[in-house]
Amino acid sequence: MNPSYKPADVESAAQAHWTAADAYRVTEDARDAQGDPKKKYYACSMLPYPSGKLHMGHVRNYTINDMLTRYLRMSGYNVLMPMGWDAFGLPAENAALKNGVPPAKWTYENIAYMKGQLQAMGLAIDWSREVATCDPAYYKWNQWLFLKMLEKGIAYRKTQVVNWDPVDQTVLANEQVIDGKGWRTGATVERREIPGYYLKISDYAEELLEHTQHKLPGWPERVRLMQENWIGKSEGVRFAFTHDIRGDDGQAIQDGRMYVFTTRADTIMGVTFCAVAPEHPLATHAARTDPKVAAFVEECRNGGTTEAELATQEKKGVPTGLTVRHPITEEDVPVWVGNYVLINYGDGAVMGVPAHDERDFAFANKYGIPIVQVVLVDDEPHFDYHKWQDWYGDKSRGVTINSDNFSGMGHKEAVAAVAHALGQKGLGELQTTWRLRDWGVSRQRYWGTPIPIIHCDEHGAVPVPEADLPVVLPTDCVPDGSGNPLIKHEGFHAGVVCPVCGKPARRETDTMDTFVDSSWYFMRYCDPKNDQAMVGEGAQYWMPMDQYIGGIEHAILHLLYARFWTKVMRDLGLVKVDEPFSKLLTQGMVLNHIYYRRGDKGGKDYFPPLEVTPVLDAQGRITGGTLADGSAVEYGGVGKMGKSERNGVDPQDLIEKYGADTARLYTMFTAPPEATLEWNDAAVEGSYRFLRRVWNFGVAQAADASPAEGKGEFGKGAKALRREVHTVLRQIDYDYQRMQYNTVVSGAMKLLNALEGFKPDGSAGDRSALREGLGILLRCMYPATPHIAHELWQRLGYAKLHGELLDAPWPVVDAGALVQEEIELMLQVNGKLRGALRVPAGASKDEIEAMALSCDDFVAFAPGAAPKRVIVVPGRLVNVVV
């Protein structure tokens, strides 16, 4: 046994041992020593994008999963921990543009490298279940389920508003539009309507919401609330403003009705304007004859298309010169075009009540639109028409005023009365609406799952026959920025005929949103080699997933789409579960210091923290930094590790310097799993020193080759050691159960301190207590630092007694070891501490009094004094009053 701790040697030996034994392959028929089926547990981390290298966020995420997996396996569970690659997506195309290599080549090279990094971490992954979403054997089932949804009417085709780069001739994701221009070309981005495919997630809105509220008890409340808000159930009134505006055909536009939806029908008498989306038929009509409206609509085409973008941009509008009739007063209401109104949200029009909506208030003040107060809240200050106050929008305390027959009513009463009045006129009704929009899955991209549709001049969009799946994506394309290369790829369209008439046709060149790939990959892990079905018996065994682990940034879209996909698969008879994830853990981010210098044009050039010497103020706070050449850089605080800020720490460097066990131990010890972790080089070194202490202690015990435990009579010291070890073990076991791994590690440190502090007298009982304690320490450390624990377990002979550490039984707290034969009480004389008194644990009050009065400390401090009273506080102290 090497007297020095050499992580590289220890870890390579342990990994070779596990590989030779195929230690992490998991089957559905696992049984325990008695031949009974083991209870299953499916623990899964969100699969990574193969960007090229792991980062410390990956290390943290997967170590959390690995600790859970190893602990549960030792506790007798059949545990599945799989891994795969979210391999489609735009970054691969961007790399192709930059490097001139096909996205397939770049992706698979990155997968190979990152897989090697994961294996170097010693993770208990069942690699026989590995999937890559860019593999035709995987995305065939994306296409198959899409066709099934098409048959059921869940998938459908319609036009969609997108960001269009006129130079690249391609659609841009919202994050690729920077200040209204394409990220690559700098061209002004347009908003265009083009056909695309949608999935009716809105059909599942009610069930998704109900399950969010009642079927996800193992999810963080924060995430459930985010999902609930995104689904966004609103109960209100949908009603029409009538009009006589006629189109070029002489017919009233939209049958003379402009519909809106509102949750604040109680404020209907305060409407002073209406706003429509730039794409609304009334806006289009006005733009034909009004150059100002036309210019504004064109400007809006170059803006964002998402609700999040519109919420942050300046609210602007232009009057159309058109009016609609108020449904109650029948007075004319001016119509504006607003850049904040979404055409695909509700009916693409809103009623403007400036007095009681903050957005409308700002808009009205900006453009001089009248403001009419129609809600009053008692005991609030005077209504200020130029300064918004939160009570203006308070519907819980407000009472209607200036509202004719509806005056004097509370919110609910007024809404009901208005809805009834509108219903009597045939203009409106109570209605429930949802914030959740149908999921647009068409992407005008190359590197994604081909949508299995054939376009025929005679029969239009025709589904690809199931027998012809998968529609294989060519892997030889190198995007050049001139649009989707599939459009020009002759081989992709060669020999394609219409499934209906057999005439020459062309394939759909749109590919699927990559959220499709990640919406069911966890199902495929259960049946990764099944080429006859999307899922099979494996999914029936493993699903639902018992524990899902990933970042909070996926709290809405990924999780929502995965829940929707699961419900669709259930309704198609593929799975039996309603929800895919029983428990969810959102691990915190890994943070590091950020240093930068501003360039000539105001941009920031970043510098790795390792290249910077911090400059501190008098309180020890970082105020800046200097580089090796003495030049100064600015300090940007602490932020998420990222490539752009150059503040990441390469796990490979860490592993090469300290070993994987140190990297794992540090990420677990420094903060609870849900909390952010601020990088600290000194703490990394401290984790390494602890492992070196464990190794050195193991080396010192190696001379005693006897694996026996529990032999010999335990003396006083051995009993004290066992009591300490089993007390800490009880806490560690509790912390493992609640996944508080930072305190698990601190518990292991307490165990080592106890073992190092024990001075055996050479007796069999002392040796046995020491070996028992060391065996418990190794088992408690094993999920966090498996390599060093495995090596010491083997070298010190524990495997002969308990078997392989991988499947060694989790240590059980010995209740007998926790029983104290003696306890120590504080001894006070007249309330002042004068010493300590050791008494039998079961001593009575009278016995304790007698021992206190006869002990040396009392005699020394109160010689010859007669006690007036003796106060005994059980388990704590004795106070003798003299």
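Residues in region 381-388 include at least one that is over 22 Å from Phe239 (Cβ atoms) and in contact with a helix residue (DSSP H, G or I) (Cβ under 7 Å, 6 or more places away or on another chain).
Scanning region 127-156 for residues that are part of a loop (DSSP other than H, G, I, E, B) and surrounded by fewer than 21 Cβ atoms within 10 Å (Cβ to Cβ) returns Glu130, Asp135, Gly153.
Okay, residues lined up against (1) in contact with a Pro (Cβ under 6 Å, 6 or more places away or on another chain); (2) without any contact (Cβ under 8 Å) to a residue 40 or more places away in the chain; (3) surrounded by 20 or more Cβ atoms within 10 Å (Cβ to Cβ):
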{"position": "Gly636", "(1), (2), (3)": "no, no, no"}
{"position": "Glu645", "(1), (2), (3)": "no, no, yes"}
{"position": "Asp650", "(1), (2), (3)": "no, no, no"}
{"position": "Ile655", "(1), (2), (3)": "no, no, yes"}
{"position": "Gly659", "(1), (2), (3)": "yes, no, yes"}
{"position": "Leu665", "(1), (2), (3)": "no, no, yes"}
{"position": "Phe669", "(1), (2), (3)": "no, no, yes"}
{"position": "Pro673", "(1), (2), (3)": "no, no, yes"}
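Looking only at region 9-22, which residues are surrounded by 15 or more Cβ atoms within 10 Å (Cβ to Cβ) and either assigned to a loop (DSSP other than H, G, I, E, B) or under 33 Å from the mean Cα position of the chain (by Cα) (or both)? Glu11, Ala14, Gln15, Trp18 - these are the residues of region 9-22 that are surrounded by 15 or more Cβ atoms within 10 Å (Cβ to Cβ) and either assigned to a loop (DSSP other than H, G, I, E, B) or under 33 Å from the mean Cα position of the chain (by Cα) (or both). Reported count of residues in region 212-261, each being of a type in the set (Val, Ile, Thr), more than 30 Å from Met149 (Cα to Cα) and assigned to a helix (DSSP H, G or I), is 1. Which condition number does Leu376 fail, the rest of (1) surrounded by fewer than 17 Cβ atoms within 10 Å (Cβ to Cβ); (2) in contact with a Lys or Arg (Cβ under 8 Å, 6 or more places away or on another chain); (3) of a type in the set (A, V, I, L, M) being met? The one condition Leu376 does not meet is (2). Of the residues examined, Ala240 is not one that is of a type in the set (Gly, Ala, Ser), surrounded by fewer than 15 Cβ atoms within 10 Å (Cβ to Cβ) and in contact with a Lys or Arg (Cβ under 6 Å, 6 or more places away or on another chain). For region 85-92, indicate whether the set of residues that are aromatic (Phe, Trp, Tyr) and either under 19 Å from the mean Cα position of the chain (by Cα) or surrounded by 24 or more Cβ atoms within 10 Å (Cβ to Cβ) (or both) is non-empty. Scanning region 85-92 turns up at least one residue that is aromatic (Phe, Trp, Tyr) and either under 19 Å from the mean Cα position of the chain (by Cα) or surrounded by 24 or more Cβ atoms within 10 Å (Cβ to Cβ) (or both). If Glu553 satisfies every condition in (1) in contact (Cβ under 8 Å) with a residue 40 or more places away in the chain; (2) outside any strand (DSSP E or B); (3) surrounded by fewer than 22 Cβ atoms within 10 Å (Cβ to Cβ) but one, which is the exception? Exception for Glu553: condition (1).
Looking at region 454-483 only, could you name the residues that are within 22 Å of Pro195 (Cα to Cα), buried (at least 16 other Cβ atoms within 10 Å of the Cβ) and hydrophobic (A, V, I, L, M, F, W, C)? Those that are within 22 Å of Pro195 (Cα to Cα), buried (at least 16 other Cβ atoms within 10 Å of the Cβ) and hydrophobic (A, V, I, L, M, F, W, C): Ile454, Cys456, Val462, Val464, Val471, Leu473. Out of all the residues in region 386-413, which are in a loop (DSSP other than H, G, I, E, B) and either over 22 Å from Val333 (Cα atoms) or at pLDDT below 95 (or both)? Answer for region 386-413, where residues must be in a loop (DSSP other than H, G, I, E, B) and either over 22 Å from Val333 (Cα atoms) or at pLDDT below 95 (or both): His386, Lys387, Trp388, Gln389, Asp394, Lys395, Ser396, Arg397, Gly398, Gly408, Met409, Gly410.
In region 157-211, the qualifying residues are those that are over 30 Å from the mean Cα position of the chain (by Cα), of a type outside the set (S, T, N, Q) and assigned to a loop (DSSP other than H, G, I, E, B), and the one that is surrounded by the most Cβ atoms within 10 Å (Cβ to Cβ) is Val189. If the condition is being without any contact (Cβ under 8 Å) to a residue 40 or more places away in the chain and either β-branched (Val, Ile, Thr) or in a strand (DSSP E or B) (or both), then region 820-848 contributes Glu822, Glu824, Lys832, Leu833, Arg834, Gly835, Ala836, Arg838, Val839, Pro840, Ile848. The single condition from (1) over 25 Å from the mean Cα position of the chain (by Cα); (2) in contact (Cβ under 8 Å) with a residue 40 or more places away in the chain that Gln117 fails is (1). Figure legend. Inter-residue proximity from region 209-224: first residues within 15 Å of Trp434 (Cβ to Cβ) and in the same structural domain as Ala562 (by TED's automatic domain parsing), second residues outside any loop (DSSP other than H, G, I, E, B) and of a type outside the set (Val, Ile, Thr), beta-carbon distance below 8 Å, spacing 6+ or different chains. No pairs are indicated. Is it the case that region 596-608 has a residue that's crowded, with 22+ Cβ neighbours inside 10 Å and in contact (Cβ under 8 Å) with a residue 40 or more places away in the chain? Within region 596-608, not a single residue is crowded, with 22+ Cβ neighbours inside 10 Å and in contact (Cβ under 8 Å) with a residue 40 or more places away in the chain.
Go through region 240-280 and give me each residue that's within 42 Å of the chain's Cα centre (by Cα) and more than 26 Å from Asn405 (Cβ to Cβ). Listed by number, the residues that qualify are Ala275, Val276, Ala277, Pro278, Glu279, His280. In region 174-193, the residues that are over 18 Å from Pro91 (Cβ atoms) reach residues that are among the aromatic types (Phe, Trp, Tyr) and modelled with pLDDT of 80 or more with C-beta atoms within less than 6 angstrom, at least six apart or across chains, in these pairs: Glu190/Trp164; Arg192/Trp164. Determine, yes or no, whether Gly218 is under 22 Å from Leu342 (Cα atoms) and at pLDDT 95 or above. Here the answer is no, as Gly218 does not meet what is asked.
A quick yes/no check of all residues on (1) at pLDDT below 95; (2) more than 29 Å from Gly642 (Cα to Cα):
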site: Leu677; (1), (2): yes, no
site: Asp681; (1), (2): yes, no
site: Ala705; (1), (2): yes, yes
site: Phe714; (1), (2): yes, yes
site: Ala720; (1), (2): yes, yes
site: Val725; (1), (2): no, yes
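The residue of region 414-442 that is farthest from the chain's Cα centre (by Cα), among those that are part of a helix (DSSP H, G or I) and touching a residue at least 40 places away in the same chain (Cβ under 8 Å), is Ala421. Quick check on region 763-770. Is at least one of its residues out of contact with any helix residue (DSSP H, G or I) (no Cβ under 8 Å at 6 or more places or on another chain), surrounded by fewer than 23 Cβ atoms within 10 Å (Cβ to Cβ) and among the aliphatic types (A, V, I, L, M)? Looking for residues that are out of contact with any helix residue (DSSP H, G or I) (no Cβ under 8 Å at 6 or more places or on another chain), surrounded by fewer than 23 Cβ atoms within 10 Å (Cβ to Cβ) and among the aliphatic types (A, V, I, L, M), one finds at least one in region 763-770, hence yes. Taken over region 532-550, residues that are assigned to a helix (DSSP H, G or I), under 30 Å from Gly588 (Cα atoms) and small (Gly, Ala, Ser) amount to 1. Here the strands (runs of 3 or more DSSP E) wholly within region 584-701 that include at least 2 residues being within 29 Å of Leu123 (Cα to Cα) are 584-587, 590-598, 632-640. Scanning region 424-450 for residues that are of a type in the set (D, E, K, R) and modelled with pLDDT under 95, which turns out farthest from Ala137 (Cα to Cα)? This residue is Arg435.
Scanning region 625-634 finds no residues that are within 25 Å of Pro7 (Cβ to Cβ) and of a type outside the set (Ser, Thr, Tyr). When restricted to residues that are loosely packed, with under 14 Cβ neighbours inside 10 Å and within 46 Å of the chain's Cα centre (by Cα), region 390-413 contains 3.
The values are calculated or read from the model by the stated rules, or taken from the named source; none is laboratory data. Quick caveat: nothing in here was measured; it's all calculated off a predicted structure. All Cβ positions, even for glycine, are placed from backbone atoms using ideal geometry, and neighbour counts span all protein chains on display.
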